[in-house]
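**Student:** Dumping the structure here so I can ask a few things about it.
The values are calculated or read from the model by the stated rules, or taken from the named source; none is laboratory data. On a predicted model such as this, the values are computed, not experimentally measured, just so you know. Here the Cβ positions follow ideal geometry from the backbone for every residue, glycine too, while neighbour counts run over all protein chains shown. Remember, those area values only see protein heavy atoms, side chains included, never the ligands or the DNA or RNA. Shrake-Rupley method; radii C 1.70, N 1.55, O 1.52, S 1.80 Å.
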Amino acid sequence: MNSPHVLVIEDEEKITDFLRRGLVYEGYRVDVAHDGPGGLSLARDTPPDLVILDWMLPGMDGLEVCRRLRSGGPIPIIILTARDSVADRVLGLDAGADDYLVKPFSFDELLARIRALLRRAAPAAQEVLKFSDFSLDTGTHQAFRGERAIELTAKEYELLELFMRNPRQVLTRNVIFDRVWGYDFGGESNIIEVYVRYLRQKLEANGEPRLLHTVRGVGYVLREE
Ligand code: CA
């Protein structure tokens, strides 16, 4: 596979130098633009696999760049910003960003976000994940408990796949939010509880033993009793 091509749009040269060096060292191909229009024309000429986009740019702000990039196709975009209020986060995500990193950020964290977005964008290789008497086909999204087929909605599937890929590990509510719902809502919502309840109803419809357990005050774990 070709090394992924990352476009960095950021006006601060200290940051672009640091990102270019670090990303090239990690094996990425890197292009840099120092303003919005320059970034858009680079993205048009050589469509990147992922864009790292600063919010505060001269000429055209990052949100506008984000909207225009987004209208050109489903390219993963990470917004860099000094703002970190929930309202700003929502604004960035509404403009079509996939992820959001507040400055100063750690380079390792940026790398982890890049890998996660590229993985999400890549066509998934088909495999059958198994745990106990349960199996999940990542290509067809079919699930089986023993011989019994289970119908899953898209979100139920994503949640269950996360557990199947991390068996016997306690997943915190924050991690689950982040991976399945895309970003941190702050954790007041009971959406995880609701989806876990749906999954349990389906997984235990014939009175099968519980696989998805609550770890009180922390999160959930897929394990045998
Ligand atoms: Ca800036």
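**Student:** Could you name every one of the helices (runs of 4 or more DSSP H) located completely within the range 107-225 that has at least 2 residues being over 30 Å from D88 (Cβ atoms)?
**Tutor:** Passing ranges, in order: 154-165, 191-203.
**Student:** Sort through L93, L80, L63 and tell me the only one that's part of a helix (DSSP H, G or I), of a type outside the set (G, A, S) and either under 17 Å from the mean Cα position of the chain (by Cα) or more than 16 Å from the ligand (Cβ to nearest atom) (or both).
**Tutor:** L93
**Student:** Given the conditions (1) surrounded by 13 or more Cβ atoms within 10 Å (Cβ to Cβ); (2) at pLDDT below 90, and given that A124 satisfies all but one, which numbered condition is not satisfied?
**Tutor:** With (1) surrounded by 13 or more Cβ atoms within 10 Å (Cβ to Cβ); (2) at pLDDT below 90 applied to A124, the lone miss is (1).
**Student:** Right, here's the next one. Within the range 32-54, which residues are acidic (D, E) and surrounded by fewer than 22 Cβ atoms within 10 Å (Cβ to Cβ)?
**Tutor:** D35, D45, D49 - these are the residues of the range 32-54 that are acidic (D, E) and surrounded by fewer than 22 Cβ atoms within 10 Å (Cβ to Cβ).
**Student:** A further question on this structure: Going by the structure shown, is L69 under 19 Å from R179 (Cβ atoms), of a type outside the set (F, W, Y) and assigned to a helix (DSSP H, G or I)?
**Tutor:** no
**Student:** Give the range 207-222 a look and list any residue that's under 19 Å from F144 (Cβ atoms) and either of a type in the set (S, T, N, Q) or open to solvent by 50 Å² or more (accessible area, probe 1.4 Å) (or both), or say none.
**Tutor:** Those that are under 19 Å from F144 (Cβ atoms) and either of a type in the set (S, T, N, Q) or open to solvent by 50 Å² or more (accessible area, probe 1.4 Å) (or both): G207, P209, R210.
**Student:** Mind checking which residues of the range 6-60 are among the hydroxyl-bearing types (S, T, Y) and under 25 Å from the mean Cα position of the chain (by Cα)?
**Tutor:** T16, Y25, Y28, T46
**Student:** Which of the numbered conditions does L57 fail, given that it passes all the others? Conditions: (1) touching a residue at least 24 places away in the same chain (Cβ under 8 Å); (2) within 16 Å of the ligand (Cβ to nearest atom); (3) surrounded by fewer than 17 Cβ atoms within 10 Å (Cβ to Cβ); (4) part of a loop (DSSP other than H, G, I, E, B).
**Tutor:** Among (1) touching a residue at least 24 places away in the same chain (Cβ under 8 Å); (2) within 16 Å of the ligand (Cβ to nearest atom); (3) surrounded by fewer than 17 Cβ atoms within 10 Å (Cβ to Cβ); (4) part of a loop (DSSP other than H, G, I, E, B), the lone unmet condition for L57 is (3).
**Student:** Another question about this same structure. Identify the residue in the range 1-40 that is among the hydrophobic types (A, V, I, L, M, F, W, C) and away from the ligand (no atom under 15 Å from the Cβ) and, among all such residues, is farthest from G59 (Cα to Cα).
**Tutor:** M1
**Student:** Additional query: Please find, among E204, E156, E193, the residue that is among the charged types (D, E, K, R), farther than 29 Å from S3 by Cα, open to solvent by less than 50 Å² (accessible area, probe 1.4 Å) and within 23 Å of the chain's Cα centre (by Cα).
**Tutor:** After applying the criteria, what remains is E156.
**Student:** Condition first: of a type in the set (V, I, T), assigned to a helix (DSSP H, G or I) and at pLDDT 85 or above. Can you find one or more residues in the range 21-34 that meet it?
**Tutor:** Checked against the condition, which is being of a type in the set (V, I, T), assigned to a helix (DSSP H, G or I) and at pLDDT 85 or above, the range 21-34 yields at least one hit.
**Student:** Do you know which residues across the range 86-115 are aliphatic (A, V, I, L, M) and in contact (Cβ under 8 Å) with a residue 12 or more places away in the chain?
**Tutor:** V86, L91, L93, A95, A97, L101, V102, L110, L111, I114, listed by residue number.
**Student:** With the condition kept exactly as written, say whether any residue in the range 128-139 is within 27 Å of G73 (Cβ to Cβ) and open to solvent by 30 Å² or more (accessible area, probe 1.4 Å).
**Tutor:** Yes, the conditions are met somewhere in the range 128-139.
**Student:** Here's something else I'd like to know. Tell me the residue from E10, E26 that is in contact (Cβ under 8 Å) with a residue 12 or more places away in the chain and open to solvent by 60 Å² or more (accessible area, probe 1.4 Å), please.
**Tutor:** That would be E26, the only listed residue that is in contact (Cβ under 8 Å) with a residue 12 or more places away in the chain and open to solvent by 60 Å² or more (accessible area, probe 1.4 Å).
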